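Down below is the structure, laid out as structure tokens.
The values are calculated or read from the model by the stated rules, or taken from the named source; none is laboratory data. Since this is a predicted model, take the numbers as computed values, not measurements. All Cβ positions, glycine included, derive from the backbone under ideal geometry; neighbour counts span all protein chains shown.
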Amino acid sequence: MTIQTHNSNVLMNTSTMAYRNLLKTMHNPDQFMDVIVQPVMFMLMFGYLFGGAIAGGVQAYLPTIVPGILIQTMLSAASGSGSQIREDLDSGVFDRFKSLPMAHIAPLAGQLFGDVLRLIIATITSLTTGYFMGWRPEVGFGWIVVIGLLAILTGWALSWLFALVGLLAKHAETVQSFSLMTMLVLSFMSNAFVPLKSLTKPLQVIARFNPVTGVITAIRQILATGSWTQSALLVLVFDLSIVVVFAPLTVWAYDRN
Amino acid sequence: MTAIKAVEVSHLTKKFGHQTVVNDISFDVQPGEVFGLLGPNGAGKTTTLRMMTTLLKADTGQVKIFGHDTIKEGRLARSMFGLTGQYASVDADISARENLMIFSRLNGLSRQAAKQRTAELLAEFSLEHAADDPLKNFSGGMRRRLDLAVSLITRPALIFLDEPTTGLDPRTRTQMWETIRQLVRQGSTVLLTTQYLDEADALADRLAVIDHGKLVKVGTPAELKQQVGGTKLVFTVSERAQVATAVRVLAPQVTTAVQQIGQQLQISLNQLSQLAPILAAINQAKIEISQLSVQEPSLDDVFMTLTVGKN
Ligand SMILES: Nc1ncnc2c1ncn2[C@@H]1O[C@H](COP(=O)(O)OP(=O)(O)OP(=O)(O)O)[C@@H](O)[C@H]1O
Ligand SMILES: [Mg+2]
């Protein structure tokens, strides 16, 4: 009585692994905290706390804060990928994956494709919260989808980077604190919450070089003009370059484990 | 000896830093047998197993699974064995059924076949009642059973078990032994590691004793016991003054020297027929004895004699 097995392929294995990650999240809904609760909370908190001080009112502040929180949420969702991978590697389950006659890369690929779902949820949550707070961009819905996709692509590109950190680090705690620090520094030292001009000179320089500023600026421009801009193209190129550079590095680090 | 071996391990060595954890180990496992790796904590059992199952790269040496090199034909070799690691290698965040489904799919079963196999294994390992509970609520025994079930999805011809019964209560342990015996009856080859001598004695056809990364001895449990001496006669001389006399009168009757520990005397017996003349000699010399026993060697003796252990 033998068991009929197919020569399983990368795609099939990857989708199984992505399905596994989805199941894990379903069983632990608190994993949705950072993609659902966090953007809602931040949007409300920042909007109502600082709206008046920074922009003279919540309504006026929304065009600034919505893209800001959107990208911050992408950063934090992407950073979860690193600690998730580290935890997996440290658990016995990974030994099992490695001892199976399956595509070697599937667990990593499954994680990174599973991340897309988290990023989509995070994007929808952020934008919807903005809408309920009174955010009404004047561009058509199509452009909203475009900025959503741009945000998701950015988040996904970053998750390769965080995955690399997860693979290189020794402990899950290291990954977590690194991710939190990076997330805070990148999002606060940018134009996510305040206009660049309001920053002190040295901070302005840092913020200008911060890629997060570039992404947020591009999104604001699309929302303001209703057209594909030079800076949006730059973001697209930037995201793809990250993937092109870091995907092989991440795979290399993964192979080393 | 042209028959293909289930496992061929040759000159396996692994260093972690300066510490040689596995030191030039070689052995073969025949198809259909239960082969035990026996050794104290830190002996290198898990490390050896991890190299055999392609989880860890050996520094030097070679492993063949049913004739296939684990490095050159990794994927093929991996398709021929199932592995249950020392530490739970199932997904604790999802249910037993989901674990079996996912690992079935990863093993290349079609969705339909995976469903069917999952149902079979849940039944076989008495996990049906808890199939959809999160594993967090599972007892150690249930987890261990699920772990083994996952290793058996493809009915592999060779199964690696790293300390399959550590942490199980006596009843669950006996059940696990029965499960392993059942697998062997169905034609599987089993390679297991254990620190328990009774387990090795009960299950293994052949044993390799490992200590400090070195292979100390390979043989059947009976052969290993023979190594540390055969049957022993042990008794206590009641009167301290008579001990010397006893040793003297027994000397012509025995082939190896009589061992004396306080008032207790130990004599190695080559044959049980030596027993009668020995007792007669004692009787004739009017020596009072008590607490007489004839002891078969146990694997404990083997373990204690052959291994030094970490400490
Ligand atoms: N990844 C590692 N890095 C460094 N040392 C290691 C590593 N894995 C194992 N060791 C060391 O190798 C030695 C053998 O470990 P191993 O786990 O193979 O022993 P074992 O025989 O399985 O012991 P146990 O019965 O406790 O499971 C130990 O001293 C252990 O500390
Ligand atoms: Mg071990």
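The table that follows gives values for the structure above.
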read-out	value
Pair list, Cβ under 6 Å, 6 or more apart: the stretch B:112-126 residue within 10 Å of B:Ala149 (Cα to Cα) and away from chain A (no Cβ under 13 Å), other residue buried (at least 21 other Cβ atoms within 10 Å of the Cβ) and among the small types (Gly, Ala, Ser)	B:Phe125/B:Ala149
Extreme residue, farthest from the chain's Cα centre (by Cα), among residues of the stretch B:18-51 that are of a type in the set (D, E, K, R) and either more than 11 Å from ligand 1 (Cβ to nearest atom) or within 17 Å of B:Ala200 (Cα to Cα) (or both)	B:Asp24
Residue among B:Gly61, B:Gly32, B:Gly39 that is more than 22 Å from B:Ser89 (Cβ to Cβ) and in contact with an Asp or Glu (Cβ under 8 Å, 6 or more places away or on another chain)	B:Gly61
Enumerated helices (runs of 4 or more DSSP H) restricted to the stretch B:1-111, each holding at least 3 residues that are within 16 Å of ligand 2 (Cβ to nearest atom), of a type in the set (Gly, Ala, Ser) and within 12 Å of chain A (Cβ to nearest Cβ)	none
Test result for B:Asp59, in contact with a strand residue (DSSP E or B) (Cβ under 9 Å, 6 or more places away or on another chain), assigned by TED's automatic domain parsing to the domain that holds B:Gly187 and acidic (Asp, Glu)	yes
Of all residues in the stretch A:21-39 being part of a helix (DSSP H, G or I) and of a type in the set (A, V, I, L, M), the one that is nearest to the other protein chains (Cβ to nearest Cβ)	A:Leu23
Failed condition for B:Thr236, given (1) more than 16 Å from ligand 1 (Cβ to nearest atom); (2) under 25 Å from B:Lys64 (Cα atoms); (3) touching a Ser or Thr at 6+ places or on another chain (Cβ under 8 Å); (4) of a type in the set (Val, Ile, Thr)	(2)
Residue under evaluation B:Gly85, criteria (1) surrounded by 21 or more Cβ atoms within 10 Å (Cβ to Cβ); (2) more than 16 Å from ligand 1 (Cβ to nearest atom); (3) at pLDDT below 90, criterion not met	(2)
Selection count, the stretch B:174-228, where residues are of a type in the set (Val, Ile, Thr) and in a strand (DSSP E or B)	8
